1. Take the residues of region 148-174 that are in contact with a His (Cβ under 7 Å, 6 or more places away or on another chain) and not in a loop (DSSP other than H, G, I, E, B): which is modelled with the highest pLDDT?
2. Do you know which of the residues in region 44-57 that are open to solvent by 50 Å² or more (accessible area, probe 1.4 Å) and small (Gly, Ala, Ser) is modelled with the highest pLDDT?
3. Would you confirm whether or not region 437-444 contains a residue that is assigned to a helix (DSSP H, G or I) and under 21 Å from ARG357 (Cα atoms)?
4. In region 292-308, which residues are surrounded by fewer than 18 Cβ atoms within 10 Å (Cβ to Cβ) and among the small types (Gly, Ala, Ser)?
5. Quick one: would you say LEU519 is part of a helix (DSSP H, G or I) and either open to solvent by less than 50 Å² (accessible area, probe 1.4 Å) or closer than 27 Å to THR261 by Cβ (or both)?
6. What residue, of ILE195, ILE216, is within 30 Å of SER282 (Cα to Cα) and part of a loop (DSSP other than H, G, I, E, B)?
7. Within region 410-419, can one find any residue that is modelled with pLDDT of 95 or more, among the β-branched types (Val, Ile, Thr) and buried (at least 20 other Cβ atoms within 10 Å of the Cβ)?
Amino acid sequence: MLKGTGRPVYSGVAIGKIYVYKKAETKIYEKCSDKAKELKRFSLARDEARAQLDALYAKTKREIGEEQAEIIDVQKMFLDDPDYVEGIEDMIGQGYGAAFSVHEIGDAQASMFASLDDEYMKARAADVRDISDRLVRVLSGADVSFKMTEPGILLAEDLTPSETVQLDKDKILAFVTRQGSSNSHTAILARVMNIPSLVQTDIDIDPSLNGRTMIIDGFTGEYYIDPDDALLAKMTEKKQKAREYKEALEKYRGKPSVSKTGRKVKLFANIGNVDDMKYVISGDAEGIGLLRSEFLYLGRDDFPTEDELFEAYKKVVVGLNGKRCVIRTLDIGADKKVDYFHLEKEENPALGYRGIRICLLQKDIFRTQMRAIYRASAFGPVSVMFPMIISVKEVEEIKAFCAQVMAELAKKNIPFARDTELGIMIETPAAAIMSDELAKHVDFFSVGTNDLTQYTLAIDRQNAKLDYFYDAHHPALLRLLGMIAENAHKNGIWAGICGELAADLSLTDTFLKMGYDELSVSPSRILELRKNVIESEV
């Protein structure tokens, strides 16, 4: 029996036969004798790849959803990216073959993306490799003929978006990859499909593994190959218990989130885009505590218009049918590059030009977004929160700006809610320490524990080498969280948590004792968290 570990991206247990995914082999010739012919072949290959991606977009949208389909659109953008296309054409002009040039430029750009700190930008490396592999296959006439004849566990070095789209997802019990991250396309798809999966596993991908039995434990991150009968029986029982536990959570659907002693807390959902609304509804969330605005700016080549933003926000607000929606303003920065923002490269992007800093220095971007948000507020309860706050001065400037936007809308008789709540994210130690003063100027706090933890501990949460030192339960962090809630209530405003710690069941009692009014988590965690609250004796 072989045993190993990986990083779990979705909990659960899967048992099945292994299918080793292998890319089709392609023949690549380094040199060419006719440059003009190769340039023409490259141009035709781009057209063919674009047509294939159009078909994949329709298939992805139909089978998985629009959010995943947008990933395909990101790849299409590379087909017209000047750096990418001109780099390939320049190599062909130097006498190299079209397929070889695509492979070399694609590999260089993918390596560049992979070297960046931000997980979102790292994920772009997979997009570059994916579109490059597609072009090489078109140029070389290669074909991918991978098929699963029965349900099983898919084992791969990594999987690109277009590869996962073409798989027979009804037959996939789990994904296991050597590469990838918690934000990789494979991880995202695993969560969408609700199947246990591991990335960054310590396994050698070898065709001899085909057909052998494998067990994936998405709770512990462990995998087993060729398990003995005793282990197989044990893990089968664990799988059944996991299923029964999930089914048992249904009895908490629709119940008030109140502890045994009467402490009430609202359980809201964090979502990344409009299409996630279906998970908010199915998860039984009491509202949205974090609607990330970044998705409206990513995967495009120019700024969204006010009407585009308004329609997206309105769709969410209307879909909530009277429940509150907390919208976070744009949190793009140098570590989440969007080309048309023309942001400069920074040595330390986590501490750089991002969040509210962009909005306060580029008021045209801020105005468009706030006008759209205020217009959406006419259709249901909306709250707005601003990221990366460090001072009262920033809050005063924000409020003055919002007053101007409301005056503009009122002058044109455009409906909006004047009582729209304005709050701030507490994610910097400065904001936490100054929370007693900041609370006098806003309607609510929402704690972003991911950033607050890394800034408080001086630990880059994306640096795997520092996992040994990272402690999300550090006494300093918990002391700050208690102080934030206390200062909020002293000044008559509510406080919530929208970071990952909100879903940490070992801290539910702690947050109830601190008096937090709202916890915002992934939609799939709502029922489990509600169970924890209802059973709490705090």
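1. Here the residue is THR164.
2. Initial filter on region 44-57 (open to solvent by 50 Å² or more (accessible area, probe 1.4 Å)): 44, 47-48, 50-52, 54-55, 57.
From what's left, small (Gly, Ala, Ser): 51, 55.
Numbers: ALA51: 87, ALA55: 82.
In this case the residue turns out to be ALA51.
3. Here is the first cut: in region 437-444, the ones assigned to a helix (DSSP H, G or I) are 437-438.
Checking which are under 21 Å from ARG357 (Cα atoms) leaves us with 437-438.
There is at least one residue in region 437-444 that is assigned to a helix (DSSP H, G or I) and under 21 Å from ARG357 (Cα atoms).
4. Correct list: GLY299 only.
5. no
6. Details: ILE216 fails: part of a loop (DSSP other than H, G, I, E, B).
Just a single option satisfies the conditions, and that option is ILE195.
7. Kept after step one, since they are modelled with pLDDT of 95 or more, are these residues of region 410-419: 410-419.
Then drop every residue that is not among the β-branched types (Val, Ile, Thr), which leaves 414.
Next, from what is left, pick out any that are buried (at least 20 other Cβ atoms within 10 Å of the Cβ): none.
No: zero hits.
Here's the yes/no breakdown for (1) of a type in the set (Val, Ile, Thr); (2) more than 30 Å from ILE459 (Cα to Cα); (3) in a loop (DSSP other than H, G, I, E, B); (4) under 24 Å from the mean Cα position of the chain (by Cα):
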| residue | (1), (2), (3), (4) |
| --- | --- |
| LEU343 | no, no, yes, yes |
| MET370 | no, yes, no, yes |
| ARG375 | no, yes, no, no |
| ILE390 | yes, no, yes, no |
| LYS393 | no, no, no, no |
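The values are calculated or read from the model by the stated rules, or taken from the named source; none is laboratory data. None of these values were measured; they are calculated from a predicted model. Note: ideal-geometry Cβ built from the backbone for every residue, glycine included; neighbour counts use all protein chains shown. Only protein heavy atoms, including side chains, enter the accessible area calculation; ligands, DNA and RNA are left aside. Shrake-Rupley method; radii C 1.70, N 1.55, O 1.52, S 1.80 Å.
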